[in-house]
Every structure is written in C-alpha cells, then in structure tokens.
1. With the structure loaded, tell me whether HIS57 is under 19 Å from ARG6 (Cβ atoms), within 14 Å of the chain's Cα centre (by Cα) and at pLDDT 95 or above or whether it fails that test.
2. Would you pick out the residues in the stretch 1-33 that are touching a residue at least 40 places away in the same chain (Cβ under 8 Å) and part of a helix (DSSP H, G or I)?
3. Which condition number in (1) outside any helix (DSSP H, G or I); (2) without any contact (Cβ under 8 Å) to a residue 24 or more places away in the chain; (3) touching a Lys or Arg at 6+ places or on another chain (Cβ under 6 Å); (4) not basic (Lys, Arg) is the one that LEU73 fails?
4. In the set ALA200, ALA195, ALA206, ALA145, which member is part of a helix (DSSP H, G or I) and either surrounded by 14 or more Cβ atoms within 10 Å (Cβ to Cβ) or at pLDDT 90 or above (or both)?
5. Take LEU153 and tell me if it is surrounded by 14 or more Cβ atoms within 10 Å (Cβ to Cβ) and not charged (D, E, K, R).
6. Pairs please, first residue from the stretch 108-134 and farther than 13 Å from VAL85 by Cα and surrounded by fewer than 13 Cβ atoms within 10 Å (Cβ to Cβ), second anywhere and modelled with pLDDT under 95 and of a type outside the set (Gly, Ala, Ser), Cβ atoms under 7 Å, 6+ apart in sequence or on different chains.
7. Which members of the stretch 148-192 meet the condition of being modelled with pLDDT under 55 and outside any helix (DSSP H, G or I)?
8. Within the stretch 42-70, track down each residue that is surrounded by fewer than 14 Cβ atoms within 10 Å (Cβ to Cβ), over 21 Å from ALA113 (Cβ atoms) and without any contact (Cβ under 8 Å) to a residue 24 or more places away in the chain.
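The values are calculated or read from the model by the stated rules, or taken from the named source; none is laboratory data. As the structure is a prediction and not an experimental result, all values here were calculated from the model. Cβ placement follows ideal geometry from the backbone for every residue including glycine, while neighbour counts extend to all protein chains displayed.
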Amino acid sequence: MTQTDRDALLEAALIHVPFEGMNEAALAAGARDIGMSRDLVRVHFPQGGAGLAAAYHRRADEALRRSLADHPLEGKFRFRVTEAVWRRLELVDPELVRAGAATLALPQNAALAARLVWETADVIWTGLGDVSDDVNWYSKRMTLAAVISATVLFWLGDDSPGRSETRAFLARRIEDVMQFESVKARLRKLPGAEALGRAAFGWIRAPRPRALPGKVR
C-alpha cells in the first residue's frame, strides 16, 4: 500500500505524542520532521488532535479488518468475540491510546469518541460474519461497544503479567453479553413476541452503502 502524505504525517506525529500529547503540537512537530508546511497540517487533520486520535484508532481498525479476513477465528462464538477484541488491543500502543483517550474525552469530541468505538464493534461483528439486518444489527454493536470501552479502560491500568487480568475481565464481559443474547432468544420464543417485535422495531434496518451520484456499480 502506497503511503500518502497524510500517512507520513500520522507516523511522524505519533512519535511526538508521548511527549506532547495527542494534539496540534504533536502534529506540528511531526510536520517539521518530514518537512511539511504547517498549512498542510490543517488540510490533512482539520480536527487537530481529535483527528490525529481518530486516524490512529481507524488505522488499527483497518489492520484488524485485514487480520480477521486473512486469519479467521474459529471455535465457539464467545471465544471468537473475545479473541477479536484482544487482537484489536494488541494492534495499539497503550501510551498512544491513553493520550488519544484524554483528547477524545473532551466534551467537544464526545460524539467522535462514541463513533470510533462503534466502528470498532462493527469491524469485529462484520469480521466474524454477522449478517443481521434488523434491530439486532444495532443491539449487537451497541453491546459490544460498551464491552470494548470498559475493557480498554481496564487494560490501560493493568500491570499484570501479560495483562492477564484484562483477559479475565474481558472474558467476564463477553460472558455477560452471551447471557444477554440468551435472554433475548428466550424472549423471542414467548407467545406474540415475534409479532410485537415486528410492530415495534420491524422498520429498523442496518445501514447500506449508497452509490454516489454518477457512480456505476
């Protein structure tokens, strides 16, 4: 894959994040390192530090997407979900994640932060072969996004050997999700539950990619 100017700036800026934080100072320092005009920094990262944090996050998501496609997980479903989340954690540096979390925790970045976690949950569910097209598409991602958020916070403070305590924490959270899914399955079997569900949520469908004007499929 050819590296773009934006990719080069991202790589250069990340070197400075442990010292400067996930912010415009790191971007400016990275630009100096590669001889890029400061005017172009705003072109590539108009959101400043939040955009830098998002780019780092999405780069890891893309790496996970490729990893799940090239090396599919096998075994019981709870194992595959757990391993997918763990695989995602192994793609990032805790110090960079901590710096990114500090930036994304600012009130003006709350919507972006939520969207990024949702995107990661979507990458995992899609990579594991989820084909749901109704309200379950949303509920699965919402539930897993909550698990990811809690696990990342625990992971950042975990100093156990091999972060074994994080693995145990993640396994417990996934077990909670599996129990939730079991409850949903039992509820769907109740008399009239299916008809009620269609009446209340039957209109909900997973988003579909839309062709841009002039695009030919």
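1. Working: under 19 Å from ARG6 (Cβ atoms): yes; within 14 Å of the chain's Cα centre (by Cα): yes; at pLDDT 95 or above: yes.
So HIS57 fits the description; yes.
2. Taking the stretch 1-33 and keeping what is touching a residue at least 40 places away in the same chain (Cβ under 8 Å), we get 6, 10, 14, 17-18, 21-23.
The answer is ARG6, LEU10, LEU14, VAL17, PRO18.
3. (2)
4. Values: ALA200 fails: either surrounded by 14 or more Cβ atoms within 10 Å (Cβ to Cβ) or at pLDDT 90 or above (or both); ALA195 fails: either surrounded by 14 or more Cβ atoms within 10 Å (Cβ to Cβ) or at pLDDT 90 or above (or both); ALA206 fails: part of a helix (DSSP H, G or I).
Criteria check complete, one pass: ALA145.
5. Numbers: surrounded by 14 or more Cβ atoms within 10 Å (Cβ to Cβ): no; not charged (D, E, K, R): yes.
No; evaluated as a whole, the condition is false for this residue.
6. Once the first residue is farther than 13 Å from VAL85 by Cα and surrounded by fewer than 13 Cβ atoms within 10 Å (Cβ to Cβ) and sits in the stretch 108-134, its partners that are modelled with pLDDT under 95 and of a type outside the set (Gly, Ala, Ser) give ASP133/ARG205.
7. Scanning the stretch 148-192 gives LEU190, GLY192.
8. Here is the first cut: in the stretch 42-70, the residues surrounded by fewer than 14 Cβ atoms within 10 Å (Cβ to Cβ) are 43, 46, 62, 66, 69-70.
If we keep only those that are over 21 Å from ALA113 (Cβ atoms) as well, we get 43, 66, 69-70.
Once the filter is applied, which keeps residues that are surrounded by fewer than 14 Cβ atoms within 10 Å (Cβ to Cβ), over 21 Å from ALA113 (Cβ atoms) and without any contact (Cβ under 8 Å) to a residue 24 or more places away in the chain, the stretch 42-70 yields VAL43, ARG66, ASP70.
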